[in-house]
RNA sequence: GGCGGGGUAGCCAAGUGGCUAAGGCGGAGCUCUGCAAAAGCUUUAUUCACCGGUUCGAAUCCGGUCCUCGCCUCCA
C-alpha cells in the first residue's frame with residue numbers, strides 16, 4: 001500500500017510521491033527547537049512525530065534527507081542573553097540548552113537529523129534572500145531601518161498568500177488580537193524580515209546592506225531549507241500553531257524570491273507536502289505553568305519515567321488529533337511496554353541462535369498498512385498488541401519452533417525500526433551476587449518446603465528492588 | 001467576529017455508510033503456582049453528546065442544538 005497522508009496545502013489526504021520518484025530521495029524539513037529553555041512534552045510530541053514520519057519513510061524504502069534547524073536567535077534568547085550575568089557570547093548562552101535538548105532527544109530515541117543548521121550560521125543566506133525580495137520589490141524598508149515583506153506586492157506579482165490557512169484580511173481584528181506593532185509597517189499582515197537594531201538588543205546585531213540588526217523569525221527557515229534542500233522540496237512538518245503565520249510566511253518569502261519584478265513569472269513551489277501536528281492537552285487542559293500541568297521531558301525522567309515510556313505514550317494517538325497527556329497514561333504505558341518486553345524475552349529465549357525462516361508474518365503487513373493510511377499509529381499499535389497476544393498463546397501451547405520465534409523477532413525488529421520502543425542499549429544489568437545468593441537461598445527453602453522462609457526472602461528481594469517470577473523453567477529475577 | 005478541529009466504555013484512543021464498534025490502561029473471572037507475581041488467557045459499549053432528517057441500512061451523510069479545543073499574537 002502506498003503512503004498517503006493529509007496535506008495541509010490541499011486539505012485532503014494525498015498519496016505521497018517524492019519529487020524524484022526514481023531515486024526515492026525525500027527532502028524533509030522541520031522547524032526545530034528555540035534554545036532558550038528546556039523543551040517540554042508538547043515540543044517533543046512534534047519531534048517524536050517527525051521522527052516517526054522519517055523512520056516510516058525509511059521503512060518504506062525512501063532515502064530521507066532530514067533537516068531540523070536550531071533557532072538560536074530570537075526575542076526571548078536576546079532578552080535572556082542580555083539579562084544573564086556573564087555575557088560571554090550568544091553561542092555560550094544557547095549551548096547548554098542545545099545540549100540539553102539533544103540529551104532529551106536521544107533519551108526519546110529520536111534519530112539525529114541529517115543536518116542540524118543553526119540560524120546564526122546562516123545570516124548571509126538570509127541576507128541574500130532578503131536582497132532578492134528587495135530586488136523584486138516585495139520587501140520594503142521602514143524609517144527605522146527594518147525590512148518588511150509586503151503581502152500586497154507579493155500578490156500583485158503573482159504570489160499566493162493564504163495557502164495553508166484561509167485568511168480574510170478584513171476580518172482580522174486589529175488591536176484586539178494583533179498588537180499594534182512598534183514598527184511602522186504598511187499593512188497589518190506584513191511581517192518583518194530584518195529587525196533594525198534597537199538599544200535593548202545590546203551587543204547582539206549583525207551588519208546588513210540595510211543597517212545593523214537581526215533576522216526576523218520566519219526568514220531563517222526559508223534560508224536554511226533552501227540552502228540545504230533546494231528551492232523546492234518534498235515535506236515540511238511542524239506543530240499546528242506554526243501553520244499561520246510562520247509557515248505561511250515561509251512560503252511567501254521562498255516563493256516570492258522566485259518571482260520576477262516585472263511580474264508574469266510563476267513561483268517555484270516551496271514545499272509539496274505540509275504536515276501539521278496537533279497539540280497536546282495535559283490532564284485535560286492546555287499545558288501552562290500556572291495550572292501546574294507543565295512538564296518538560298526532564299521532569300518526567302526525574303519522576304522515574306523512561307524515554308521509551310514517554311515515547312510510547314506520545315506516539316499512541318493520531319497526529320491530527322489533540323492528545324490528552326496524563327501521568328496515569330504514562331503508568332499505563334509502562335504496563336503495556338512491560339507486557340511487550342515479556343513477550344520478546346520469551347521469544348528470544350525460545351529462538352536461541354536459530355535463523356529466521358525469511359518469510360514475513362502478518363504483523364509487518366498490517367503495521368505497514370496502518371501507518372501508510374495517514375500514519376494511523378493507533379491501528380499500528382493495535383496490530384502489535386494483537387500479535388503479542390497471539391504470540392503468547394502460541395508460546396504457551398508450545399507451538400513455536402526456534403526458527404518460528406526467530407522469524408517473529410525479525411518481524412518485530414522491522415516494526416520497531418519505526419516505533420523505536422525497544423529498550424535502549426542493554427538495559428539488562430548484572431544481577432549482584434547478593435541477590436543471586438538470596439535467590440538460591442529461597443530455592444533451597446522451597447525445596448525444603450519451608451515456605452515461610454521462602455516468602456520472607458521474596459519480600460526481602462522485593463524491598464531490594466527485585467521481583468521473582470517462578471516460571472516452568474525455574475525462577476526468574478526482574479528489576480522493579 | 002473570521003477560520004479550523006473534537007465530543008465513542010471508569011480513563012486513553014481507533015473506526016467515518018453494511019461482517020461480532022480496534023487496541024492500551026483500569027476492573028472482573030480464570031490458569032500456572034506451595035502461595036504469589038508488575039506471568040498468561042478470557043471478559044468488560046445492544047451502543048457512539050442531544051434532537052430531527054436521508055437511506056433497505058448511520059457512530060459514520062444532511063439540518064439544528066449543546067458542550068469543548070485550537071489558530072487569527074510569541075508558541076510544538
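Below are the figures for this structure:
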read-out	value
Nearest-ten-degree value, helix A:123-135 long axis tilted from longest Cα axis of chain A	40 degrees
Fewest-first ranking of A:222, A:89, using other Cβ atoms within 10 Å as the exposure measure	A:89, A:222
Inter-part distance where the stretch A:445-480 and the stretch A:89-157 are each reduced to a Cα centre, Å	59 Å
Ellipsoid equivalent to chain A - semi-axes via the Cα gyration tensor, in Å	51, 27, 18
Counting all C-alpha pairs of the stretch A:433-479, share separated by more than 16 Å (%)	28 percent
On Cα atoms only, tilt of A:90-107 relative to the major axis of chain A in degrees	40 degrees
Residue order, fewest to most surrounding Cβ atoms within 10 angstrom, among A:260, A:422	A:260, A:422
Alpha-carbon centroid distance for the pair the stretch A:341-409 / the stretch A:15-59, whole angstrom	27 Å
MRE, 222 nm, helices only [DSSP H, n ≥ 4, -39500 (n - 2.57), over chain A, to nearest 500]	-13500 deg cm²/dmol
Acute angle (nearest 10 degrees) that the helix A:327-351 long axis makes with the longest principal axis of chain A, alpha-carbon atoms	60 degrees
Which of A:164, A:204, A:193 has the fewest Cβ neighbours within 10 Å, and the rest in rising order	A:204, A:164, A:193
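We did not get these values from a lab; they are worked out from the coordinates using the rules stated. What you see is a predicted model; the values in this text were computed from it and never measured. Neighbour counts run over all protein chains shown; Cβ positions are idealised from the backbone, glycine included.
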